[in-house]
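The values are calculated or read from the model by the stated rules, or taken from the named source; none is laboratory data. Nothing here was measured: the structure is a model prediction, and the numbers come from that model. Cβ placement follows ideal geometry from the backbone for every residue including glycine, while neighbour counts extend to all protein chains displayed.
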Amino acid sequence: GQVFYPITIDRSALMKYARDNDGSPNSILSAAMFRMCSRVFPNARQISAGIVCNYRQDVGCPETYRDLVRVLHARYLPGMKDWPIEKLSTVTRGAMYLQMQPELSRKTYRQVAAYRDQIDKIPGKVLKTAYALNNSPLRSGVKDTFNVSYVGNVDWGSLSEYVDEVYSLTEGHLMLEVNSAGDKFCIAFQVLNRDENFVREFIKVLEEEGIPYELGDMVESRLPQIELG
C-alpha cells in the first residue's frame, strides 16, 4: 500500500539555497528528485518531472475553492545526471516558464469545462463514472517519473501559533506534497511500496547539497475510499 515519509526542511535555509542556485522550491526539489531517480533508475532513457501549477489567477478566479490545477513537465536526459543542481534548476525553471503562459491555462480550463459538461449530459451513474474515468484530463497525456506539488506560503492567520507541521496526502508514487508551516517546509514523500531506497537516496542528495532536514518515521497513507451514492 501507499506510505509516506515526513521530511521537514528549514524554510529560510531552502529559500537561501534556491536564491543561490537560480531556483525556486519547485525547481530545486525537482532537480533533487531527478538526481535521486538517476541513481535509482540508472538505465532510464529519460526522466520527467510533473510540477503542479495552480492557474486560478490566470482564469480570473483567485479565490475559488475549485481545484484548478494543471501539470507542467520538465524532461531530463541521462547525460544530465552529474550536472550541478543550479544548472538542473535553470533547465527546470525554463521548462516551467514556457508552460506557465496564461493562454495555456485558459485552454486547459475550457477543456475541463467541456469535460464536466459532458459528464452532466450522460444519463446514469454507471455511464457517468465510466466516461469520467476514461476521459479524465489528469489521467491522460505525459506520464511523469515523479511529481512535485507545492501549494505556496499559506497564511494560517490566528491558527499559525498552533500549526507546527502540515502534510498533504494524495495518491501517487514518487510524489512530493509540499506545504509551508511557520519556519518549515513540510514534505510528504509518497511512494506505493515500503522500499526505503527512494527516500534514502533523496535525503542523500539533500546532504550532498548541505540542505538541513529532518526525516520522520514512515506513515501508512490510509486515505478514505469514496463511493458515489
Notebook entry, point to check: Would you say Leu159 is hydrophobic (A, V, I, L, M, F, W, C) and at positive phi?
Noted result: no
Check: So which residues in the stretch 117-126 are surrounded by 12 or more Cβ atoms within 10 Å (Cβ to Cβ) and in a helix (DSSP H, G or I), if there are any at all?
Finding: Gln118, Ile119
Checklist line | Of all residues in the stretch 69-92 being crowded, with 19+ Cβ neighbours inside 10 Å and not β-branched (Val, Ile, Thr), the one that is farthest from Arg45 (Cα to Cα) | finding: Arg70
Notebook entry, point to check: Does the stretch 19-26 contain at least one residue that is at pLDDT below 95, among the small types (Gly, Ala, Ser) and surrounded by 21 or more Cβ atoms within 10 Å (Cβ to Cβ)?
Noted result: yes
Check: Within the stretch 67-90, how many residues turn out to be of a type in the set (Phe, Trp, Tyr) and more than 27 Å from Pro137 (Cβ to Cβ)?
Finding: 1
Check: Do we find that Lys125 is within 30 Å of Arg45 (Cα to Cα) and among the charged types (D, E, K, R) in this structure?
Finding: no
